[in-house]
Amino acid sequence: MTVTSPSGAARDRLDPRLLRMGIVLIAAPILATIDATAVGIAADAMAAHFRTSLADVQWVAAGYLLAIALVMPLSGWLSRRYGARRMWMAAVAVFTAGSALCGLAWSLPALIAFRLVQAVGGGLMNPIGQTILAQAAGPSRIGRAMSVLTIPVMFAPVLGPIVGGLVVQQLDWRWIFYLNLPICMVVLPVAARVLTGDETAPDTSRLDLLGLALLSPGLAAVVYGLTMAGGREGAGAPAVLATVGAGLALVAGYLVHALRTRREPLIDVRLFARGRFAAACVALFLLGASLYSSMILLPLFFQHDRQASTLWTGLLLTPQALGAAVGSFAAGRLADRHGPRAVVTAGLALSLAGLLAFTQAPARPGTWLLAACLVLYGLGIGGVSAPTMAAAYGAVDKPQTPGAAGALNVVNRLGGSLGTAILTTVLDSRLRQGADPAHAYGTAFWWALGLCLITLVPVAFFRSARRPRTSPA
């Protein structure tokens with residue numbers, strides 16, 4: 001007869017120290033995500049202030065996304081070289097300085113430049129924060145630990161339009177950036193006390209400069225090209241094809257370089273030879289495609305098809321955020337207990353059920369029905385993100401965690417860009433053909449549902465239930 005070891009159960013418990021670390025590590029990324037979504041709401045106010053066009057102001061957001069793509073691959077090397085704790089605090093400090101400079105910007109070029117500074121910090125906070133928490137949690141608590149870090153992904157896109165609308169209406173667009181300052185100034189000293197010191201000796205390997213020259217511009221070109229594909233240019237525009245093609249060529253060049261180099265590559269592509277890690281990366285890519293594109297599609301649907309204001313749209317999306325918070329909290333514990341495969345499969349089923357009502361947009365489903373479906377969708381996406389990240393980190397050794405964090409965030413970001421490009425292209429194509437907005441959005445939601453459905457394929461390769469540690473009676 002065997003029984004579960006009490007000491008093992010105690011080790012599995014999410015202790016207060018780890019919980020405090022998680023709360024500190026999500027504070028700054030929440031601000032970064034809210035900031036990124038709120039800037040879109042303030043675009044008109046910025047254009048009026050600087051007396052320029054909306055097309056020029058869009059670079060405030062586009063430049064931020066491109067800069068994140070440039071710096072994100074550096075997160076693994078920086079964590080190994082200088083320590084994850086030290087680099088996370090440096091990233092928050094850079095984000096804080098960039099926020100202050102954005103609020104003080106005297107011209108549109110200055111604002112765009114300062115947003116690039118802000119993006120350096122914003123692009124490093126999430127992967128380095130995941131590294132810290134994954135290493136501190138260990139394999140038995142990784143699901144619950146990752147569920148803490150997925151909260152900003154769920155809540156911030158809903159809070160962004162609300163915060164942006166209130167700030168623009170009641171204050172001034174500069175306060176979108178100024179609001180970051182007091183919170184970041186509190187986070188830094190608290191982080192210095194709460195985050196544990198870097199346990200391993202610094203990695204003295206030199207930066208992979210050739211890999212950086214290939215991968216970062218390649219990723220930025222792919223992200224920019226996909227962004228253009230989802231805009232006015234269209235997926236078949238020569239500029240789009242050339243930009244995406246050049247980016248893919250650079251990324252392919254990096255893959256060849258990373259496999260041949262004797263030095264530590266910027267991102268170790270050999271990690272993808274591990275079946276469970278590769279499956280988790282494919283799932284994160286597809287989840288990024290489904291999640292990010294839906295987050296863009298849902299607000300547009302309420303604004304264009306239901307004529308909701310920006311503030312009202314944010315409130316309509318609140319049930320999704322609440323469902324996601326509950327789903328994320330529950331999924332982490334369930335994944336640690338039963339393995340990620342069953343939990344992620346159940347989460348995807350809930351997501352599919354939630355999206356189904358939106359595919360019926362031409363039938364004009366009621367607002368209350370849509371709100372209930374948003375709760376289901378939120379529960380679903382909250383139930384898949386943390387266990388999928390946990391599956392990925394659980395498939396690598398502890399020293400490989402910094403490199404895995406960079407790879408996972410890059411893959412997720414690329415998936416989001418691709419999914420957004422696909423859905424906006426489908427939507428724009430239907431609208432250009434003269435389709436009724438409800439029919440156009442219904443078609444786009446069918447594509448979102450399809451992206452969610454095919455995510456079940458890599459999930460089938462996830463680890464099943466974890467065997468409990470036992471001791472003889």
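The values are calculated or read from the model by the stated rules, or taken from the named source; none is laboratory data. These numbers come from a predicted model, not from an experiment. Here the Cβ is made from the backbone with ideal geometry for all residues, glycine too, and neighbour counts use every protein chain on show.
Quick look at the numbers
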read-out: Qualifying residue in the range 299-315 (condition: crowded, with 24+ Cβ neighbours inside 10 Å, in the same structural domain as residue 437 (by TED's automatic domain parsing) and under 19 Å from residue 356 (Cα atoms)); value: yes
read-out: Unmet requirement for residue 435, which otherwise passes all of (1) touching a residue at least 24 places away in the same chain (Cβ under 8 Å); (2) at negative phi; value: (1)
read-out: Selected residue [touching a residue at least 60 places away in the same chain (Cβ under 8 Å) and outside the structural domain of residue 79 (by TED's automatic domain parsing)] from 260, 276; value: 276
read-out: Of all residues making up the range 361-372, the number that are modelled with pLDDT of 85 or more and under 15 Å from residue 442 (Cα atoms); value: 1
read-out: Residue in the range 268-277 that is modelled with pLDDT under 85, crowded, with 19+ Cβ neighbours inside 10 Å, assigned to a helix (DSSP H, G or I) and within 20 Å of the chain's Cα centre (by Cα) present; value: yes
read-out: Matching option when the condition is within 26 Å of residue 313 (Cβ to Cβ), at pLDDT 70 or above and in contact with a Leu (Cβ under 9 Å, 6 or more places away or on another chain), among 207, 166, 215; value: 166
read-out: Single residue of 353, 363, 308, 357 found to be within 21 Å of residue 438 (Cα to Cα) and touching a Cys at 6+ places or on another chain (Cβ under 7 Å); value: 357
read-out: Within the range 49-58, considering residues that are surrounded by 15 or more Cβ atoms within 10 Å (Cβ to Cβ) and at pLDDT 75 or above, the one nearest to residue 212 (Cα to Cα); value: 50
read-out: Options 375, 344: the member that is buried (at least 23 other Cβ atoms within 10 Å of the Cβ), in a helix (DSSP H, G or I), assigned by TED's automatic domain parsing to the domain that holds residue 427 and aliphatic (A, V, I, L, M); value: 344
read-out: Residues of the range 319-341 that turn out to be out of contact with any Ser or Thr (no Cβ under 7 Å at 6 or more places or on another chain) and either within 20 Å of residue 457 (Cα to Cα) or not in a helix (DSSP H, G or I) (or both), as a count; value: 2
read-out: Which listed residue is at pLDDT below 85 and not in a helix (DSSP H, G or I), from 406, 434; value: 434
read-out: The lone exception for residue 90 - which of (1) of a type in the set (Gly, Ala, Ser); (2) closer than 20 Å to residue 132 by Cα; (3) in contact (Cβ under 8 Å) with a residue 60 or more places away in the chain it fails; value: (3)
read-out: Residue 346 vs. criteria over 30 Å from residue 440 (Cα atoms) and out of contact with any Leu (no Cβ under 7 Å at 6 or more places or on another chain); value: no
read-out: From 354, 347, 382, 378, residue being of a type in the set (Gly, Ala, Ser), touching a helix residue (DSSP H, G or I) at 6+ places or on another chain (Cβ under 7 Å) and free of Cβ contacts under 8 Å to residues at least 40 places away in the same chain; value: 354
